[in-house]
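The values are calculated or read from the model by the stated rules, or taken from the named source; none is laboratory data. A quick note: this is a predicted structure, and the numbers were derived from the prediction, not measured. Reconstructed Cβ throughout: ideal geometry from the backbone, glycine too, with neighbour counts over all protein chains shown.
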Amino acid sequence: MSAVRKEDSMLLQKQMMSDHYDRLASAHDEGRKVVYTFVPGNLNELVRSFGLLPVLPEINALQSGLRKKSGEYIAEAEKNGHSEDVCTYVKCDIGMLKKGNIGPTGTQLPKPDLLLLSYTGCFTFLKWFELLREEYGDVPVAMLHVPYQANGRIEPHQRDYVVQQMRTEVIPKLEQVSGRAYDEDRLREMLRLSARAEDDLVWTLESAKRTPSPIDAYFGGVHYIGPIFSAFRGTQGAVDYYTALRAEVQERLDAGQGPVTPEGPMGTEKYRLVVEGPPNWTSFREFWKMFYDEGAVFVASTYTKVGGLYDRGFRHDPDHPLETLADYCLGCYTNLGLPTRVDLLEQYINDYNADGFLVNSVKSCNSFSVGQLMMLRQLEERTGVPGVFIENDLVDPRYFSAANIKNRIESYLQMLDQKRGKAA
Amino acid sequence: MDVQRGAGDVVTLDDLMTQARSLSEDIDFTAVTQWKARAEGRKAIGHMPTYVPRELIHASGMLSVGITGGGDRLEIIRGDAYFQSYICRIPRSTIELALSHRLDVLDGMLFPSICDVIRNLSGMWSMIFPDRYVHYVDVPQNFDVAVGGKFWRRELETLRTDFARLSGVAIDDDALRASIAVYNENRHVIRDLYRARSERPWIFPMSEVYYILRAGNVLPPEEHTAMLREYLVLAPGESDRRDQDRSRVVLAGMFCEQPPHGLVLTLERAGCYVVDDDFLLGLRWLQDDVTTTGDPLDALVDAYLNHSAMSASRYAPDGDRGRWLIDSVARNRAEGVIFAAPSFCDPALLDQPMLVTALDRKGIPHTEFKYAEDTGQFAVIREQAGTFSDSIRLWSEA
Ligand code: SF4
Ligand code: SF4
């Protein structure tokens with residue numbers, strides 16, 4: 001039964017994605033307009049309230065990684081003068097564009113009618129869309145500058161600044177591109193749907209507090225956040241997806257089962273781990289296998305918070321539509337100061353009863369990576385739980401050194417065993 | 001040629017360069033310690049590249065100190081334990097400076113919003129030094145006075161309050177206007193120097209300008225202005241400086257981590273006259289005088305929104321990324337552009353393809369290489385720059 005249910009949510013998501021990409025492929029022929037934007041701080045409800053279709057280049061890049069296309073795309077971008085030193089998501093996207101812009105489902109992606117530069121938590125976003133602006137000629141750009149939460153709290157003037165930009169920069173441009181007027185009631189309706197899906201997402205993520213955890217909150221988690229972090233937040237489709245997902249997880253929970261891996265149900269849970277940093281996409285399954293083969297399950301992850309920190313209580317609030325979108329943008333994980341990030345990880349280690357934690361440091365992403373060595377030490381000091389530090393990349397296969405990573409993980413888990421042995 | 005400095009003190013160019021060099025190379029910040037010791041209760045605030053409103057620091061009676069890493073004179077012992085190998089060098093040498101107590105002389109530290117590295121470094125700083133003043137300076141990317149301007153004014157008000165608390169000196173409008181005037185003068189003389197160098201680069205070689213500007217990191221602005229003025233008088237007095245018919249180049253990409261002095265010397269030896277650059281851009285971020293009448297915070301806001309230098313970290317709403325560089329080439333009659341960016345510098349390296357496209361459209365020659373602040377081997381760069389310099393000279397003669 002659980003296998004069938006599992007397929008329900010997986011299939012549902014797959015169908016949503018493929019419908020979306022089909023709609024994108026025919027968008028311009030059918031007179032629909034397309035907005036490119038980023039995952040952190042995306043204004044999906046607002047964009048869709050104008051009848052516009054979102055494209056998220058980060059999702060395309062990670063999908064290219066999963067489909068083993070990214071190496072070729074990165075090489076193409078480097079051939080065109082992009083430095084080997086910079087974020088590979090950008091190069092993967094530019095390379096994909098140069099090679100015909102074929103999206104993850106094999107259909108061609110439409111050109112953007114607007115680049116909505118949600119400038120949240122990463123400086124590279126600015127350069128990325130400036131580069132796309134050049135590639136696509138005179139596509140309009142709406143810049144939404146989201147201030148950094150260096151002190152870990154949203155200041156009223158930061159919220160005002162974001163809301164004001166929505167009113168004076170983002171909404172007018174969305175109106176212009178769509179030919180429709182801003183419809184706040186429609187937006188509220190979508191935000192209501194967002195909050196419902198967010199409740200179920202949080203419930204799913206928090207199910208990992210149970211032992212054994214019914215989910216892997218990292219390798220499984222990246223699937224669970226798919227609909228809500230990409231094009232579907234604020235839609236009935238996302239609500240239905242999360243209802244189905246919750247039912248599946250509930251069932252595994254009731255049966256005392258662990259996560260389902262690509263090779264079927266995981267064996268006995270031996271290690272509970274927390275993780276900081278994005279995963280590697282080019283060798284995603286291989287990387288996951290290194291953990292599930294050893295009985296290691298991820299019970300909490302920060303990467304699954306880049307598109308919103310819902311488990312800390314935030315929900316989109318239909319009663320304050322623009323303010324809630326501003327708070328959402330401000331609160332995404334990579335927009336938080338390092339001390340707040342360390343606090344969050346510390347809470348995860350404690351709340352999820354973790355035996356250890358992994359810092360998966362990706363070369364591409366300064367936003368995530370700068371400071372992670374210090375985070376590791378701080379967390380070890382504060383929690384007494386040992387961590388392990390691994391370096392690789394998101395979508396550049398040249399930086400995934402399987403043998404080294406596997407060795408490192410194995411010896412780390414052995415060390416956790418020894419520590420337990422001593423404690424016992 | 002020499003100049004007289006009050007009390008019969010006569011200064012030659014050699015003296016001045018020795019002084020500028022030792023100020024810019026002093027990783028112990030002795031000048032800052034000495035400045036503080038000259039009066040009871042003095043304080044100093046450090047800041048990373050690029051732009052911070054130094055006028056506010058000055059108006060509170062504190063010294064603003066530009067921190068641009070440890071250059072090529074600092075051995076990294078602890079800093080590498082804080083950063084992965086694929087991160088640029090300036091954060092690790094800055095951490096090294098701090099952990100080796102060389103920055104204890106600072107009473108606070110500002111981290112402007114230039115890139116994710118500096119941004120995250122601000123958080124690291126507040127964890128390493130929980131008792132010190134640390135502030136992330138979030139400059140607006142929206143240039144509408146009613147939106148980005150309002151936000152920036154609010155940030156400036158926070159800094160004004162913070163600096164008043166740190167220094168114990170309330171910053172009134174008159175004091176702030178006076179500080180604006182002091183920095184206007186400093187920027188003015190720097191602009192004079194850039195103009196003079198563009199006119200006669202053989203008189204004001206980059207290898208000297210480098211030290212003269214960098215001394216501005218640690219000197220009070222009034223003293224730095226005086227130094228710049230002395231240099232403008234002394235350098236033309238050197239009789240052996242003649243036009244050697246070298247190629248005229250603009251250097252781009254050095255707005256944050258600074259190149260080692262040896263790199264600049266190498267470019268000169270390879271036959272280049274540097275006629276413009278984005279070296280220590282923070283010193284001349286505001287490209288026009290800031291108004292000294294009316295509300296001084298509004299004046300700073302207006303200057304930031306409307307008269308800022310273009311740099312990779314600043315959004316270009318009009319989409320014309322390469323314009324400043326094309327303009328600079330034209331204004332300075334440059335024959336080519338050398339992109340010299342720090343390794344792993346996302347802002348500079350992601351900007352570069354757009355600048356290259358702009359140059360290609362105009363048929364302006366360019367070459368590029370990367371450096372780190374402690375690069376010590378220049379043979380390859382010399383070869384590359386030499387070939388480039390020769391080729392553009394041939395090009396312009398043809
Ligand atoms: S630097 Fe990080 S957050 Fe920014 S685009 Fe690259 S991977 Fe994404
Ligand atoms: S050198 Fe570049 S990447 Fe490094 S801190 Fe400076 S701007 Fe950021």
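Worth a mention:
- When the residues of the stretch A:364-398 are filtered to those that are touching a residue at least 60 places away in the same chain (Cβ under 8 Å), within 10 Å of chain B (Cβ to nearest Cβ) and touching a strand residue (DSSP E or B) at 6+ places or on another chain (Cβ under 7 Å), the one that is farthest from residue B:99 (Cα to Cα) is A:393.
So that you can scan it fast, the table gives a plain yes or no per residue for (1) within 16 Å of ligand 2 (Cβ to nearest atom); (2) over 22 Å from residue B:198 (Cβ atoms):
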{"residue": "B:324", "(1), (2)": "no, no"}
{"residue": "B:328", "(1), (2)": "no, no"}
{"residue": "B:360", "(1), (2)": "no, yes"}
{"residue": "B:373", "(1), (2)": "yes, yes"}
{"residue": "B:378", "(1), (2)": "no, yes"}
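- All conditions in (1) within 21 Å of residue B:382 (Cβ to Cβ); (2) assigned to a loop (DSSP other than H, G, I, E, B); (3) among the hydrophobic types (A, V, I, L, M, F, W, C) hold for residue B:265, with the sole exception of (2).
- Boolean, residue A:361 is in a helix (DSSP H, G or I), touching a residue at least 60 places away in the same chain (Cβ under 8 Å) and either within 15 Å of ligand 1 (Cβ to nearest atom) or touching a His at 6+ places or on another chain (Cβ under 7 Å) (or both): no
- Conditions (1) assigned to a loop (DSSP other than H, G, I, E, B); (2) farther than 29 Å from residue B:92 by Cβ; (3) modelled with pLDDT of 95 or more: number failed by residue B:300: (1)
- Here the condition is being within 26 Å of residue A:86 (Cβ to Cβ) and within 16 Å of ligand 2 (Cβ to nearest atom); of A:129, A:125, it holds for A:125 alone.
- Residues satisfying the stated conditions in the stretch B:87-101, i.e. part of a loop (DSSP other than H, G, I, E, B) and within 12 Å of ligand 2 (Cβ to nearest atom): B:87, B:88, B:89
- Residues that are within 12 Å of ligand 2 (Cβ to nearest atom) and more than 15 Å from residue A:87 (Cβ to Cβ), drawn from the stretch B:342-358: B:342
- Selection status of residue A:246, modelled with pLDDT of 95 or more, in a helix (DSSP H, G or I), of a type in the set (Lys, Arg) and more than 27 Å from residue A:420 (Cα to Cα): yes
- Filter result for residue B:82 (within 7 Å of another protein chain (Cβ to nearest Cβ), surrounded by fewer than 21 Cβ atoms within 10 Å (Cβ to Cβ) and touching a residue at least 24 places away in the same chain (Cβ under 8 Å)): no
- Selection count where residues are more than 15 Å from residue B:95 (Cα to Cα), within 16 Å of ligand 2 (Cβ to nearest atom) and of a type outside the set (Ser, Thr, Tyr), scope the stretch B:110-142: 8
- Within the stretch B:112-141, being part of a helix (DSSP H, G or I), hydrophobic (A, V, I, L, M, F, W, C) and either facing chain A (nearest Cβ under 7 Å) or surrounded by 21 or more Cβ atoms within 10 Å (Cβ to Cβ) (or both) holds for B:117, B:118, B:121, B:124, B:125, B:127.
- When residue B:67 is tested against the conditions (1) within 16 Å of ligand 1 (Cβ to nearest atom); (2) closer than 27 Å to residue B:303 by Cα; (3) in contact with a helix residue (DSSP H, G or I) (Cβ under 7 Å, 6 or more places away or on another chain), the lone failure is (1).
- Any hit, the stretch B:340-358, residues being more than 16 Å from ligand 1 (Cβ to nearest atom), in contact with a Ser or Thr (Cβ under 8 Å, 6 or more places away or on another chain) and more than 10 Å from chain A (Cβ to nearest Cβ): no
- Taken over the stretch B:101-131, the criterion of being touching a residue at least 24 places away in the same chain (Cβ under 8 Å), away from ligand 1 (no atom under 16 Å from the Cβ) and over 14 Å from residue B:49 (Cβ atoms) is satisfied by B:102, B:103, B:105, B:106, B:107, B:108, B:124, B:125, B:128, B:129.
- Checking each residue in the stretch A:69-82 for being within 11 Å of chain B (Cβ to nearest Cβ) and surrounded by 21 or more Cβ atoms within 10 Å (Cβ to Cβ) picks out A:77, A:82.
- Given (1) away from ligand 2 (no atom under 14 Å from the Cβ); (2) of a type in the set (A, V, I, L, M, F, W, C); (3) assigned to a helix (DSSP H, G or I), number of the condition residue B:145 does not satisfy: (3)
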